[in-house]
Amino acid sequence: MTRHEVFSPSVQISDLHHNSVYQRELSLAKAFVKRLPLPFNIDPCPISGLERYEVLFEKWGRRYALCPQTWSLCLGALPDDETMRLYFFDSDLARYRSSTDYQNTLNRLRKDIWAIQVEWVEGRVRRYLGMDNYLLVDWGPRMQGWVETMGTASFLSDYVVAEPLPPVEFSGRPENGEVALLFDVIQSCLHPQELFAKVFQGLKPGGLLLLTCRSGSGFDILTLAGESESIFPMDHICLPSPQGMSLLLEQAGFELLELTTPGLLDVQLVSRAGGQIPLHQYFQRYVSQCGNDKVLERLQGFLQQNNLSSHLRVVARKPE
Amino acid sequence: MTIKIAIIGMGTMGRIRKQTIDAHAGCEVIAICDINEAISREFPDLPFDTDWQSTLAQGPDAVMVCTYNNAIPDIVCVALERKMHVFSEKPPGTCVSDVQRMIKAERKAGNRVLKFGFNHRFHYGVMEAKAIVDSGRYGRVLWARGIYGKAGGLTFENSWRSDNDLAGGGILLDQGIHMVDLLRYFLGDFVEIKSFVQNCYWNKISLEDNAFALLKTNEDKVAMLHSSATQWKHKFSLDLFLEDGYLCINGILSSTRSYGEESITFARKEFEDETTAMGRPREETIYFDRDDSWKHELEEFYQCIKGKNSVSVGSSLDALRVMELIEEIYKAGQG
């Protein structure tokens, strides 16, 4: 297996979550969630299927529970498909996110990050598939700018967008691809096992799955828990740990090639939280208050190398 | 059908090869040979001989030659003559004329496979580097710098590797050959060579313990090579600088892990800001925790025998070119 470390001193939280935009998203998401009836049950873990008893925190009245086997973190009571469709396609939040203003702002902020992501995809494709041009199926992209950037990459022969929420829809020919992307999709997925099965089915033998996802066992999430601004329902309902992600891929029949957490922002997120860090997290409070920039940079490198960051990145292959 | 393999030479490499073959579903070791008879006791279930001719007489489909360098050409040529496929450790003999002899035998043997053990090309750091270079995303290679060094050690002077008759060359031929092969792999064939080849420290041996070379291709790409047996902390390092970026392989996984972690760091060049971007550009490092190079190497040999591939790594042409370069480095370095 491999471990990855990424050094990128210029990337800031604001590149991903521009304050004015993000605060509006949070308030619209919160309004949507608050209108839903409060559930009292805790469903089995959607990753391992095991009963869960440990609630890590509550956000907007919704509990997040830990998987006893994998440390994956998922909503305690899982919403139904209809609620998810409503949230992503027919809510005030969905309308805001599809507005020109929102799309343009994020296109501008994320342009450089997307270029790096496309380069990563190309790097993995060249490494494991070779020098031809390939058909790529992109599952669940929500940003027009991303679709334009990825869709025009020179190493692709064709680019198809697929909607992961049931019923599955394709923007082009729903034929088997050589590459499948699942960028930040699993985290808002109710039935990850079913989605992986669909993705597996849609890949040619030997084809590659590349995915990114928030990981529930990452440093900032386990430190900040309910105080984390970057985790909220229904955007984040399924946050696999590296072990949970391995289990999902194995269940679907994938061969795991790389599973790493090259996140850049865990330490920054915790440091910026300052007084919001839960009081009993003494070590994290000490480091964020007393650690200088170099210490924080090295800590982030340590988290990356040891799969302890909350940004998960995976390369897997459908066996020949 | 299982490929039946005989291993000639059961030292360190022979044992590594045996372990790898044992783990391969399509290959089987059917006989072993070593000049040290005591080794037979470690492998009681396998036919054993101290004479390689007798081992070849057992009729294996393929032979793995893991002997001293000076014994390689005879065994390879006879095995090919008997229509066996051959995998031989590096170096491919002791000199260019040895390789030429083996190539002649290969041509005579027709469709038999001859492959040499340049396993470093199958290390994950090198495979990653090759994928980046071939993708063209950083443009063409401008120059390279390769360092491969070991400490020698207490037994170094008495080792067969330090015996001119058995080895035919010093650290450059023994270990540096891997770096020469890699530099050629990434930059192409070299046409101009300048070098110093000398014995700096291990005075009881007549062979070189350090070789420094500058090699230039006909496209003016320059590679700097240092092969050393006085590198008191083991080191493997290969830097490749391209028009728009760079990649640095550091460490190489070995059974003892003495060359450190194997990693590759790569980045796009950034000209935006002299202090920040050029001093601290965005870099990605991949660390590799596993060495599957022996496995990949055997798999390629197996696929070639099955007729599904031709030799892409360690062909007789690779062997010839590398040995020509090494002879040139020796010649230029010894004035």
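General observations
- Reported value for the stretch A:238-319: 97 Å³ per residue, from the convex hull of its C-alpha atoms.
- Order of A:TRP71, A:TRP146 under a 10 Å beta carbon neighbour criterion, fewest first: A:TRP71, A:TRP146
- For B:LYS4, B:LYS104, B:LYS18, B:LYS308, order by how many other beta-carbon atoms lie within 10 Å, fewest first: B:LYS308, B:LYS104, B:LYS4, B:LYS18
- Chain lengthening between B:SER312 and B:GLN100 when straightened (0.36 nm per residue, less Cα-Cα): 74.4 nm
- Most fluctuating residue given options A:ALA225, A:ALA153, A:ALA162, as computed from a GNM of chain A linking Cα atoms under 10 Å: A:ALA153
- Remark: relative contact order (chain B) = 18 percent; criterion is Cα-Cα distance under 8 angstrom and separation of 6 or more residues.
- Label-point gap, in nm, between B:ARG107 and B:GLN334 - each point 7 angstrom along Cα→Cβ: 2.8
- Ranked list, fewest to most other Cβ atoms within 10 Å of each Cβ, for A:LEU312, A:LEU208, A:LEU78, A:LEU109: A:LEU109, A:LEU78, A:LEU208, A:LEU312
- Charge dipole magnitude, Cβ of K and R +1, D and E -1 - chain A, Cα centre, debye nearest 20: 560
- Whichever lysines have a C-alpha closer than 22 Å to that of B:LYS194, once near sequence neighbours (fewer than 8 apart) are set aside: B:LYS216, B:LYS221, B:LYS331
- Placing dummy labels 7 Å off each Cα toward the beta-carbon, the span from A:ILE116 to B:THR12 is 4.1 nm.
- Distance between the pseudo-spin-label points of B:SER54 and A:GLN251 (7 Å out from Cα toward the beta carbon): 6.0 nm.
- Selection from B:LEU80, B:SER97, B:PHE190 lying farthest towards where the dipole of chain B points positive, charges on Cβ: B:LEU80
- Listed residues A:GLY130, A:PHE89, A:PHE40: farthest to the positive end of the dipole of the stretch A:14-172 (Cβ charges): A:PHE40
- Estimated FRET transfer efficiency (A:VAL21, B:ASP239; beta-carbon r; R0 45 Å; 0.05): 0.60
- Spatially close lysines, pair count over chain A: Cα under 21 Å, gap of eight or more or interchain: 4
- Within chain A, antiparallel bridges make up roughly 60 percent of the DSSP beta bridges whose residues both belong there.
- With contributions of -39500 (n - 2.57) from each DSSP H run of at least four residues, the per-residue ellipticity at 222 nm computed over chain B stands at -9000 deg cm²/dmol.
- Peptide A:300-307 has a mean shielding of 1, counted as Cβ atoms of other protein chains within 10 Å of each residue's Cβ.
- With a Förster radius of 56 Å applied to the C-beta separation of A:SER171 and B:ASN203, the computed FRET efficiency comes to 0.15.
- Theoretical FRET efficiency, 1/(1+(r/R0)^6), r = Cβ-Cβ of B:LYS83 and B:SER254, R0 25 Å, to 0.05: 0.10
- Among the residues of B:132-138, the average count of other protein chain beta-carbon atoms within 10 Å of the residue beta-carbon is 4.
Each reported figure results from applying straightforward, stated rules to the coordinates on display, with no laboratory input. This one's a predicted model, so the numbers in the text were calculated from it and none came from an experiment. Using ideal geometry, Cβ is built from the backbone for each residue, glycine included, and neighbour counts are taken over all protein chains shown.
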